[in-house]
Amino acid sequence: MSRTFILADFYAEASTKTTSELATAAARIGDVTAIVLAPAGKGAAMAATVNVGPVASVIVVESADFATHGVPAMADALAQLTTTHSPTAVLIASHAMGKEIAGRLAVATNSGIITDAVDVAADRSCTQLVFGGSTTVHSAVNTSTAVITVRPNSVEASTAASTPAVETAAITIADHAKGATITSSQPPVKGGRPELTEANIVVSGGRGTDGNFAPVEAFADELGAAVGASRAATDAGWYPHSHQVGQTGKTVSPQLYVACGISGAIQHRAGMQTSKTIVVVNKDPEAPLFEIADFGVIGDLFAVLPQATQGVHSRKS
Ligand code: FAD
């Protein structure tokens, strides 16, 4: 069986889940080797977390250059491993950093690249949703190694535990990958709620909140959910852009998505339409999001959400 690389994802909010999703997709193509790019001295601890999903082996590369020189250094390490091992495919998480690494890797190894895949088949053909999710594209690259970025939350991750063999590769980062130096970086401030992209339940608010997210947050907290927002809400400064769901925000695919005061523009749908159950609260019965709702409540969110919050609370106690 051929070998497939995944880049173990320590860079997104939902790192372990995303790595499992990559492994699950990669296992359709070949035996999965997870590449762990680690700061010096951290490789073993990071490799130990790559133990879910069908990962057969792990290659650890430790280098201080990853923190100092960032993406170019990571892409260079991955390119050197790809040149040495000639995997059939390299799967990387489709966030900004993953896509930049993938682009550099494809150029360095003269490989074809597909970004933002939502599914990957055994023959390396990929499914992409384009034009805000309205059009489905199937495509495949012809080069011996395919570089593919896979959108988080698109693949149902295998959660079976694995005990992969771990080896260490000694790699010297090329000088051309050290052209820029990171002088400081700040990790994101984490709140008490689950991360948007890994939450089982997401409660989102839109322009209908009129800037008051209190009922949305109260309902989310009662459900143990993450809070999302439409672009109208984030552009208005009512909620941070890091919580925006949609084409230019995050893609979520929770078990339950509750949209409150959100009309259902195609750009918003693009980020949530694969949610397993969709509930819409909107006072306009003609709101387009009702078209894809499993359950709809026609009403004022400021009346509906406190009742729903109270209802959930009573059932829990
Ligand atoms: P509106 O469309 O104004 O809808 C508000 C809804 O709230 C209405 O349906 C109204 O009936 C309802 N409402 C009002 N008051 C209440 C109340 N008290 N109780 C209940 N319901 C109430 N949008 C995104 O969300 N994410 C993206 O990533 C994104 N990317 C974009 C990229 C591009 C290139 C473009 C052009 C647009 C993008 N947009 C995105 C914007 C998108 O087109 C919509 O403008 C936006 O989603 C609308 O947000 P909204 O539904 O909150 O507001």
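The values are calculated or read from the model by the stated rules, or taken from the named source; none is laboratory data. Computed from a predicted model, the values in this text were never measured in an experiment. Glycine also receives a Cβ, built like all others from the backbone with ideal geometry; neighbour counts cover every protein chain displayed.
Restricting to segment 259-268, and then to whatever is modelled with pLDDT of 95 or more and more than 6 Å from the ligand (Cβ to nearest atom), can you tell me which residue is nearest to the chain's Cα centre (by Cα)?
Across segment 259-268, the extreme among qualifying residues is ALA259.
Can you go through SER86, SER94, SER111 and tell me which one is under 16 Å from the mean Cα position of the chain (by Cα) and either among the small types (Gly, Ala, Ser) or buried (at least 23 other Cβ atoms within 10 Å of the Cβ) (or both)?
On inspection, the qualifying residue turns out to be SER94.
Go through the residues of segment 156-164 one by one and say whether even a single one is charged (D, E, K, R) and outside any loop (DSSP other than H, G, I, E, B).
no
Scan ALA75, ALA56, ALA45, ALA67 and give me the residue that is farther than 14 Å from ALA169 by Cβ and either among the polar types (S, T, N, Q) or without any contact (Cβ under 8 Å) to a residue 12 or more places away in the chain (or both).
ALA45
Filtering segment 215-230 down to residues that are touching a helix residue (DSSP H, G or I) at 6+ places or on another chain (Cβ under 9 Å) and surrounded by fewer than 21 Cβ atoms within 10 Å (Cβ to Cβ), which residue is nearest to PRO306 (Cα to Cα)?
Per the stated criteria, the residue is ALA218.
Just for segment 192-210: of the residues that are in contact with a helix residue (DSSP H, G or I) (Cβ under 7 Å, 6 or more places away or on another chain) and part of a loop (DSSP other than H, G, I, E, B), which one is farthest from the ligand (Cβ to nearest atom)?
ARG193
So for segment 120-138 (the condition being more than 30 Å from GLN273 (Cα to Cα), more than 20 Å from the chain's Cα centre (by Cα), at pLDDT below 95 and not charged (D, E, K, R)), does at least one residue qualify?
For segment 120-138, residues more than 30 Å from GLN273 (Cα to Cα), more than 20 Å from the chain's Cα centre (by Cα), at pLDDT below 95 and not charged (D, E, K, R): absent.
Taking HIS313 as meeting all but one of (1) of a type outside the set (Val, Ile, Thr); (2) away from the ligand (no atom under 12 Å from the Cβ); (3) crowded, with 19+ Cβ neighbours inside 10 Å; (4) over 27 Å from GLU156 (Cα atoms), write down the number of the exception.
(3)
Does segment 214-233 include one or more residues that are assigned to a loop (DSSP other than H, G, I, E, B), more than 9 Å from the ligand (Cβ to nearest atom) and either more than 16 Å from the chain's Cα centre (by Cα) or modelled with pLDDT of 95 or more (or both)?
yes
Those residues that are near the ligand (Cβ under 8 Å from one of its atoms) and either assigned to a helix (DSSP H, G or I) or modelled with pLDDT of 95 or more (or both), I need them from segment 236-258; list them, please.
GLN244, VAL245
Would you please list the contacts, defined by Cβ atoms under 7 Å and residues six or more apart or on different chains, that run from a residue in segment 120-148 that is touching a residue at least 40 places away in the same chain (Cβ under 8 Å) to a residue that is loosely packed, with under 14 Cβ neighbours inside 10 Å?
Listed pairs, sorted by first residue: LEU129/THR136; SER144/SER86; THR145/SER86.
Looking at segment 274-299 only, could you name the residues that are more than 12 Å from the ligand (Cβ to nearest atom) and either outside any strand (DSSP E or B) or touching a Lys or Arg at 6+ places or on another chain (Cβ under 8 Å) (or both)?
THR274, SER275, LYS276, GLU291, ILE292, ALA293, ASP294
Within segment 93-100, is there a residue that is assigned to a strand (DSSP E or B) and at pLDDT below 95?
Yes, some residue in segment 93-100 is assigned to a strand (DSSP E or B) and at pLDDT below 95.
Could you check PRO152 against (1) away from the ligand (no atom under 16 Å from the Cβ); (2) in a loop (DSSP other than H, G, I, E, B) and say which number it fails?
Tallying (1) away from the ligand (no atom under 16 Å from the Cβ); (2) in a loop (DSSP other than H, G, I, E, B), PRO152 fails exactly one: (1).
What number of residues within segment 52-68 satisfy the criterion of being over 16 Å from ALA102 (Cα atoms) and not in a strand (DSSP E or B)?
9
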